[in-house]
Amino acid sequence: MSITQYALNLGLLAWILAANLGTRPAGTRRLLTPLVVVAGVAAGFLTNVPTRGNDLLLEVALAAAGAALGVLAGLLVSVRRRGTEIVTRAGAAYAVLWVIVIGGRIAFAYGAEHWFSLQIGRFSRQHLITGADAWTAAFVLMALAMVVTRVAVTAVRIARVTRRPATSLAAA
């Protein structure tokens, strides 16, 4: 992982936390912005997705893990009505999840280069993973799946709150 990629990951973490922590008005722009960013990242990083050997299995597995983490992230964002507007609120648990996920990705990349490169090579050979490009694609797909799934869960929760009349919210 290059210095640029470390900076990109840390910048992404800072942006996610700054954009979501606290109480924020829910709206189309708040849902579409992460999807536009994800589309840009996909275009930049997924130009060559290896599919030989078990590369595709690794990529699907990490994308599925990302989707599961995205569901969790979406559930950690509360959605409620505040007067006439719908707001989202993300707190410490949301922040901790993102720090663990992005920090784990950075730690894995660093470790793969400096601490356990031989073990990653051995694992890759034993499981027919063709190399670093497959690992990179898998982790990028994991990140993309997490963001897209988090946005989808939040959108569904916003739609549910939007459909409920304010009087039923007061009774709940």
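A short reminder: the numbers here are calculations on the coordinates, not readings from a lab. Owing to the predicted nature of the structure, the values given are computational and were not obtained by experimental measurement. Glycine also receives a Cβ, built like all others from the backbone with ideal geometry; neighbour counts cover every protein chain displayed.
Please go through the range 107-166 and give me each residue that is among the charged types (D, E, K, R) and farther than 16 Å from Ala73 by Cβ, ordered by number.
Residues of the range 107-166 among the charged types (D, E, K, R): 113, 122, 125, 133, 150, 157, 160, 163-164.
Scanning the range 107-166 gives Glu113, Arg122, Arg125, Asp133, Arg160, Arg163, Arg164.
Listed here are the residues, each with its yes/no results for (1) in contact (Cβ under 8 Å) with a residue 60 or more places away in the chain; (2) surrounded by 17 or more Cβ atoms within 10 Å (Cβ to Cβ); (3) under 16 Å from the mean Cα position of the chain (by Cα).
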| position | (1), (2), (3) |
| --- | --- |
| Leu13 | yes, yes, yes |
| Leu17 | yes, no, yes |
| Leu21 | yes, no, yes |
| Ala26 | yes, yes, no |
| Leu31 | yes, no, yes |
| Pro34 | yes, yes, yes |
| Gly44 | no, no, no |
| Asp55 | yes, yes, no |
| Leu58 | yes, yes, no |
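If we keep just the residues of the range 125-149 that are in contact with a Pro (Cβ under 7 Å, 6 or more places away or on another chain) and not aliphatic (A, V, I, L, M), which is nearest to Ala65 (Cα to Cα)?
Going through the qualifying residues, I end up with Asp133.
Determine whether Ile86 is of a type in the set (Val, Ile, Thr), buried (at least 16 other Cβ atoms within 10 Å of the Cβ) and assigned to a helix (DSSP H, G or I).
Judged against the criteria, Ile86 is not a match.
The rows are residues; the columns are (1) on the phi > 0 side of the Ramachandran plot; (2) not in a helix (DSSP H, G or I).
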residue	(1), (2)
Leu8	no, no
Ala14	no, no
Thr23	no, yes
Thr33	no, no
Val38	no, no
Thr47	no, yes
Gly53	yes, yes
Leu58	no, no
Ala65	no, no
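Search the range 62-76 for residues that are buried (at least 19 other Cβ atoms within 10 Å of the Cβ) and pair each with any residue that is not hydroxyl-bearing (Ser, Thr, Tyr) and not in a helix (DSSP H, G or I) when their beta-carbon atoms are under 9 Å apart and the residues are at least 6 apart or on different chains.
Pairs found: Ala73/Ala90; Leu76/Ala90; Leu76/Gly91.
Test of understanding: among Val151, Val99, which residue is within 16 Å of the chain's Cα centre (by Cα), of a type outside the set (Asp, Glu) and closer than 25 Å to Gly27 by Cβ?
The conditions single out Val151.
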